[in-house]
Amino acid sequence: MNHFSSNRTLYRVTIGICLCLLMAGCAMRGPYTTSRDKTAKGAGIGAAVGALASILDGKKEADEILARAAIGAVVGGSIGAYMDAQEEKIARIPGTRVERIDRNTLLVKFDSDVLFEVNSSALNSRSRGTLDKMTTVLTDFPKTAVVVQGHTDSSGGEAHNQALSERRAGSVRNFFVNQGIAPTRLVAMGYGETMPIADNTTQHGRALNRRVDVLLRARAR
């Protein structure tokens, strides 16, 4: 199985969302909008597109895992409590932030320097403790599909960034597998520089865009 999604599909998703957001933005603009305002709004729209598109694609991949893998479903109304318990445990892991996307989806974000050194796909010395704790959560909640998503900033060539993002996502997935998480629960995806969540023209923005996220999703029975 190819663990990396089709760039063509991602492009269509991103363009569709971008058009909707641009249309909404244009409707709100007044006649005296300055070029500086437009630049700021453009950066904000790009960040929203990148964040939303990666979440949508991650949820799609997770649903495919849940459909084909024999990892079971959570009983009806208890899925909220099931995801709440995971969220609470992940929130205690240093170097991570967790967001509740919807009733049965979590997005785990790692601080940009926790997992990798700059331009490297080898997990650094700080990563083991963080990923060990994540492995414990994945072990305790076996009915969750796991989508590892790698992203880069726009520094360097597009092909290089795509390959780097794939290797980084693969490194995190392989860590979980080596720690005993079933491979059928996991998929790794690389997006390169195509889904920024911040402005790539600033050092802070580039640091935010160099990221590996983990999307967790379960289904109700």
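The values are calculated or read from the model by the stated rules, or taken from the named source; none is laboratory data. On a predicted model such as this, the values are computed, not experimentally measured, just so you know. All Cβ positions, glycine included, derive from the backbone under ideal geometry; neighbour counts span all protein chains shown.
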- [ ] Give me a count of the residues in segment 174-221 that are in contact with a helix residue (DSSP H, G or I) (Cβ under 6 Å, 6 or more places away or on another chain), under 16 Å from VAL49 (Cβ atoms), surrounded by fewer than 23 Cβ atoms within 10 Å (Cβ to Cβ) and aliphatic (A, V, I, L, M).
- [x] 2
- [ ] Take segment 60-96 and flag every residue that is touching a helix residue (DSSP H, G or I) at 6+ places or on another chain (Cβ under 9 Å) and either under 23 Å from LYS133 (Cβ atoms) or acidic (Asp, Glu) (or both).
- [x] ILE65, ILE71, VAL74, ALA85, GLN86, LYS89, ILE90, ARG92, ILE93, PRO94, GLY95, THR96
- [ ] Of the conditions (1) at pLDDT below 95; (2) surrounded by fewer than 18 Cβ atoms within 10 Å (Cβ to Cβ), THR152 clears all except one; give me its number.
- [x] (2)
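Does PHE141 meet the test of being at pLDDT 95 or above, farther than 20 Å from ALA122 by Cβ and of a type in the set (Phe, Trp, Tyr)? Full working, then the answer.
Numbers: at pLDDT 95 or above: yes; farther than 20 Å from ALA122 by Cβ: yes; of a type in the set (Phe, Trp, Tyr): yes.
It is true that PHE141 is at pLDDT 95 or above, farther than 20 Å from ALA122 by Cβ and of a type in the set (Phe, Trp, Tyr).
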Task: Near pairs, Cβ below 8 angstrom, 6+ apart or cross-chain, from segment 171-187 (under 14 Å from PHE141 (Cβ atoms)) to any residue that is modelled with pLDDT of 95 or more and basic (Lys, Arg) - done: LEU186/ARG173
Open item on the list: I need the full set of residues from segment 193-221 which are more than 20 Å from LYS59 (Cβ to Cβ) and part of a loop (DSSP other than H, G, I, E, B), in order please.
Closed with: GLU193, ALA198, ASP199, ASN200, THR201, THR202, ARG210
Open item on the list: Going residue by residue through segment 48-56, is there one that turns out to be under 26 Å from SER171 (Cα atoms), of a type in the set (A, V, I, L, M, F, W, C), within 17 Å of the chain's Cα centre (by Cα) and at pLDDT 95 or above?
Closed with: no
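I'd like to check something: does segment 137-146 contain any residue that is assigned to a helix (DSSP H, G or I), at negative phi and under 18 Å from the mean Cα position of the chain (by Cα)? Don't jump to the end; show me each part of the working.
Filtering segment 137-146 for residues assigned to a helix (DSSP H, G or I) gives 137-140.
If we keep only those that are at negative phi as well, we get 137-140.
Checking which are under 18 Å from the mean Cα position of the chain (by Cα) leaves us with 137-138.
Yes; the residues of segment 137-146 include at least one that is assigned to a helix (DSSP H, G or I), at negative phi and under 18 Å from the mean Cα position of the chain (by Cα).
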- [ ] Scan SER120, SER171, SER112 and give me the residue that is modelled with pLDDT under 95 and farther than 25 Å from VAL49 by Cα.
- [x] SER120
Task: Out of MET83, MET1, sole residue that is over 22 Å from SER154 (Cα atoms) and modelled with pLDDT under 95 - done: MET1
Open item on the list: Between GLU158, GLU87, GLU64, GLU117, which is of a type in the set (Asp, Glu), at negative phi and surrounded by 15 or more Cβ atoms within 10 Å (Cβ to Cβ)?
Closed with: GLU87
Task: Long-range neighbours under 9 Å by Cβ, at least six apart or interchain, first residue assigned to a helix (DSSP H, G or I) within segment 76-104, second buried (at least 17 other Cβ atoms within 10 Å of the Cβ) and hydroxyl-bearing (Ser, Thr, Tyr) - done: TYR82/THR144; MET83/THR105; MET83/THR144; GLN86/THR144; ILE90/THR96
